[in-house]
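Have a look at the structure below, then the notes.
The values are calculated or read from the model by the stated rules, or taken from the named source; none is laboratory data. All values derive from a computational prediction rather than experimental measurement. No Cβ is skipped: glycine too gets one built from the backbone with ideal geometry, and neighbour counts run over all protein chains shown.
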Amino acid sequence: MRDNIQPILDKALAGERLNTDACTALLESNDFVRIGLAADEIRLRKNPSDVVTYIIDRNINYTNVCNVVCTFCAFYRRPGKPDTYVHSIDEICKRIDETIALGGTGVLMQGGLHPDFNIEWYEDLLRTLHAQYPTFQLHCFSPPEIHNIHLISGLDYETIMRRLKDAGLNSLPGGGGEILDDEVRKRVSTKCTTQEWLDVMRAVHKVGLISTATMMFGIGDRIEHRVRHLERIRDVQDETGGFTAFIPWTFQRENTALGRKITQEPTGIDYLKMVAVSRLFLDNIQHIQASWLTQGLKLGQTALRFGADDMGSIMIEENVVSAAGANTCANEAELRYQIREAGFKPQQRDILYNYVDRDGIDQIDKSDSTPLKKLSVAFAD
Ligand code: SF4
């Protein structure tokens, strides 16, 4: 028997906002193709073109020293352990130089919650990088890191964000969101609470910076927690308008304490459904990003027909989810190929979603795109 979700999809397609009961019904439904078709339609209306964007940037994890324990994390090392590291400015600059040589426009820099790094440490880092690379975009530090600065320096979130902005920060990644519901968060992590994560984001947006928002599900959460997460993101976006994109992905279990306990992982269908429902429920967020790094290139590509309009980064370096088993790699030509074969034109963008056009970029494509219309007819049938 088919789920009776069509009235909900009709509502979304008519431009009406979905409530949390409707969101729950969609996530509980098995009719994921129908949900995907509606999400694809809304995505084409919201980002009206045949373009899928991607970014060339690099994850730099400046330290693996971390003061808290997250049972889903395989990256952190406790302070004082022998295999801890903190990158020097020279090491960070070397990585930025390599990124620029590949056509990169920015860096996503995050680290563990170091017990000794106060606001001045972060300001020095940003000032030095901004002085050396004035047009290179600094997309750095997640809400848990900002909360850690607050604990160490005793400053409120808004003051911290104003100072980091003045030092050269362009935007804040939405990391550390996991599931924004303390019933789940407190079971798996001692980092910042739901309220603290959301309040950091409010402060980020208040000082005029943008950020992304994320969700990592499959950490012992149920559908009701995922719905509350989406609702909280949508509520903050109604207040501030500062989220550029929403990026859901599934927990990567290898080498983690939690991975040994979790018996049922989210499936590919759970992932695609989450992408599609995010597109339908988060009616105030422009971009939904496919997480090919965690889901694999082929599922990431499929997400482009389930409401995602952005393929994320070519990922020159990543240490956090790869430590937990997500080892997919792709260079720019491969990512462009996946986008083209999904029926879209690949387009490089920067952190602010401005298009970046580099001379000769088309020459790395070995064939033309599959026209979108051809695929659409197949879907409409
Ligand atoms: S997820 Fe982040 S905060 Fe949690 S243990 Fe890992 S590095 Fe630390």
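Below is a table of values for the structure above.
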{"item": "Residue selected from the stretch 165-214 under the condition basic (Lys, Arg) and out of contact with any strand residue (DSSP E or B) (no Cβ under 7 Å at 6 or more places or on another chain), by the criterion nearest to the ligand (Cβ to nearest atom)", "result": "Arg185"}
{"item": "Selection within the stretch 257-288 - modelled with pLDDT of 90 or more and of a type in the set (Ser, Thr, Tyr)", "result": "Thr267, Tyr271, Ser278"}
{"item": "Enumeration of residues in the stretch 62-71 that are at pLDDT below 95 and more than 8 Å from the ligand (Cβ to nearest atom)", "result": "Thr71"}
{"item": "Qualifying residue in the stretch 99-112 (condition: free of Cβ contacts under 8 Å to residues at least 24 places away in the same chain, closer than 26 Å to Ser313 by Cβ and among the small types (Gly, Ala, Ser))", "result": "yes"}
{"item": "Test result for Ser142, within 13 Å of the ligand (Cβ to nearest atom), among the polar types (S, T, N, Q) and over 18 Å from the mean Cα position of the chain (by Cα)", "result": "no"}
{"item": "Boolean, Val184 is over 18 Å from the mean Cα position of the chain (by Cα), assigned to a helix (DSSP H, G or I) and buried (at least 18 other Cβ atoms within 10 Å of the Cβ)", "result": "yes"}
{"item": "Leading residue by the ranking (nearest to Gly175 (Cα to Cα)) among those in the stretch 89-114 that are within 16 Å of the ligand (Cβ to nearest atom) and touching a helix residue (DSSP H, G or I) at 6+ places or on another chain (Cβ under 9 Å)", "result": "Gln110"}
{"item": "Which listed residue is more than 16 Å from the ligand (Cβ to nearest atom), touching a residue at least 60 places away in the same chain (Cβ under 8 Å), touching a Phe, Trp or Tyr at 6+ places or on another chain (Cβ under 9 Å) and farther than 22 Å from Gln252 by Cβ, from Leu9, Leu26", "result": "Leu26"}
{"item": "Residue within the stretch 72-88 that is away from the ligand (no atom under 16 Å from the Cβ) and either crowded, with 21+ Cβ neighbours inside 10 Å or among the hydroxyl-bearing types (Ser, Thr, Tyr) (or both) present", "result": "yes"}
